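Heads up, the thing below is written out as structure tokens.
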Amino acid sequence: MRRIRYEHIGGPGALFQEEVPVPEPGAGELLVRIEAIGVTLPVVRKVREGARPIPLGGELAGEVVRVGEGVSGYAPGDRVTGLCFGHGYAEYALLNTAMASPIPAGATAKDAVALVRSGVVALGALEAARPEKGESVLVTAAASGIGHLALQLARLRGASRVVAAVGDPAKADFVRSLGADAVVTYVQGSWGEPVDIVLDAVGGELLTPAVKALAPGGRLVAYSSGGGTIEAYDLLVGGKSVIGFQVAVVARTQPQRYAGWIEELWRLFGEGALRPAVHAEFALADAARAHATIEGRANQGKVVLVP
């Protein structure tokens, strides 16, 4: 089978394709013939600036072709999606059943990788802020795979005003089409009227204006892999707070809650209330181009690899 890998840190140009045997599923694992792979910013960053090369894992969706020992609830022919911690940029990959979920009838593999993983991050980050009906929400990286879903979910959960923060004003029409009431760019001196909640997927230097955008008593939820620091005094003034969110912690410690989020996402998708967008599809061999698209912050929605 074909697989994408890298042997040194260096960005998209470090990726290369190789031929390797199809893996065998171990206990509790599914062997999946991959139909779609979701490209994520954390994986892109690891190739660019990680400590050492690691398997290119992440979101995938496809058909189960073989099951490992002790697996129940799944059989060959089932369509599944989930998070792969091993080599996921490939024609076949191993998926632990704990991180797998069925793809409902009528949905495609591309729908699944655009909706499920990004959606649970967006929904989990929103819930971490403990939103109340009628509050206002600002989403950074609002046109990203996660951000464009967070915009819609904030509205569906009762936000009175939803603000999209983007790096490029050319993305304004896209985020407005998803329900944003206002659009701001990162370089603006002010992000407008203060908000109750900021969902931040960027981190770094953007944390300072993000905290400033909060109203008194406001909450910022940080779920970015970009790091960054915040001055404690900026929180003390106005009684603001910062909450860290990592979806893997919830999946590991609260599996029923995690499963409930997935059920809610598919329900909203089936009702037509939540619309995952695919910005571009790339062939597996073009993984470097997919990574470059993410690095260039050019995407409006999800970037997908198709083996």
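The values are calculated or read from the model by the stated rules, or taken from the named source; none is laboratory data. Note that the structure is a prediction, hence the values are computed from the model and not measured. Because the Cβ atoms are built from the backbone with ideal geometry, glycine has one as well, and the counts that use them run over all protein chains shown. Ligands, DNA and RNA are excluded from the accessible area calculation, which covers all protein heavy atoms including side chains. Shrake-Rupley method; radii C 1.70, N 1.55, O 1.52, S 1.80 Å.
Can you tell me which condition PRO76 does not meet? The list is (1) open to solvent by less than 50 Å² (accessible area, probe 1.4 Å); (2) not in a strand (DSSP E or B), and all the others hold.
(1)
Could you check the range 245-274 and list, in sequence order, the residues that are free of Cβ contacts under 8 Å to residues at least 40 places away in the same chain and small (Gly, Ala, Ser)?
Narrowing the range 245-274 to residues free of Cβ contacts under 8 Å to residues at least 40 places away in the same chain: 246, 248-249, 252-254, 256-257, 260, 263, 267, 271-272.
Those that are free of Cβ contacts under 8 Å to residues at least 40 places away in the same chain and small (Gly, Ala, Ser): ALA248, GLY260, GLY272.
SER190: open to solvent by 30 Å² or more (accessible area, probe 1.4 Å), within 30 Å of SER101 (Cα to Cα), in the same structural domain as GLU135 (by the TED database) and part of a loop (DSSP other than H, G, I, E, B), yes or no?
Numbers: open to solvent by 30 Å² or more (accessible area, probe 1.4 Å): yes; within 30 Å of SER101 (Cα to Cα): no; in the same structural domain as GLU135 (by the TED database): yes; part of a loop (DSSP other than H, G, I, E, B): yes.
Here the answer is no, as SER190 does not meet what is asked.
On the basis of being open to solvent by 20 Å² or more (accessible area, probe 1.4 Å) and not assigned by the TED database to the domain that holds GLU132, does GLY301 make the cut? Reasoning before the result, please.
Working: open to solvent by 20 Å² or more (accessible area, probe 1.4 Å): no; not assigned by the TED database to the domain that holds GLU132: yes.
So GLY301 fails the test.
Every residue, every condition in (1) polar (S, T, N, Q); (2) surrounded by 20 or more Cβ atoms within 10 Å (Cβ to Cβ), yes or no:
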residue: ALA122; (1), (2): no, yes
residue: ARG130; (1), (2): no, no
residue: SER136; (1), (2): yes, yes
residue: ALA154; (1), (2): no, yes
residue: ARG161; (1), (2): no, no
residue: ALA164; (1), (2): no, yes
residue: GLY167; (1), (2): no, no
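Suppose we keep only residues that are open to solvent by 30 Å² or more (accessible area, probe 1.4 Å) and closer than 23 Å to GLU281 by Cα within the range 11-39. Which one would you say is nearest to the chain's Cα centre (by Cα)?
GLU35
Output the number of residues of the range 96-112 satisfying the condition of being more than 10 Å from THR81 (Cβ to Cβ) and within 16 Å of the chain's Cα centre (by Cα).
So the answer is 1.
Looking at (1) surrounded by 24 or more Cβ atoms within 10 Å (Cβ to Cβ); (2) under 20 Å from GLY38 (Cβ atoms), which is the only condition PHE174 fails?
(1)
Tell me which residues, restricted to the range 240-271, are at pLDDT below 95, of a type outside the set (D, E, K, R) and over 19 Å from ALA150 (Cβ atoms).
Answer for the range 240-271, where residues must be at pLDDT below 95, of a type outside the set (D, E, K, R) and over 19 Å from ALA150 (Cβ atoms): THR253, GLN254, PRO255, GLN256, ALA259.
Within the group VAL175, VAL221, VAL184, which residue is over 20 Å from LEU41 (Cβ atoms), touching a strand residue (DSSP E or B) at 6+ places or on another chain (Cβ under 8 Å), at pLDDT 95 or above and not in a loop (DSSP other than H, G, I, E, B)? So that I can check it myself, show each step before the final result.
Numbers: VAL175 fails: over 20 Å from LEU41 (Cβ atoms); VAL221 fails: over 20 Å from LEU41 (Cβ atoms).
None of the others qualify; the one that does is VAL184.
So, in the range 1-10, of the ones that are touching a helix residue (DSSP H, G or I) at 6+ places or on another chain (Cβ under 7 Å) and either farther than 18 Å from GLY58 by Cβ or of a type in the set (Val, Ile, Thr) (or both), which residue ends up surrounded by the fewest Cβ atoms within 10 Å (Cβ to Cβ)?
At the first step, the residues of the range 1-10 found to be touching a helix residue (DSSP H, G or I) at 6+ places or on another chain (Cβ under 7 Å) are 2, 4, 6, 8-9.
Within this subset, residues satisfying the condition of being either farther than 18 Å from GLY58 by Cβ or of a type in the set (Val, Ile, Thr) (or both) are 4, 8-9.
Numbers: ILE4: 23, HIS8: 9, ILE9: 14.
Ranking the qualifying residues of the range 1-10, first place goes to HIS8.
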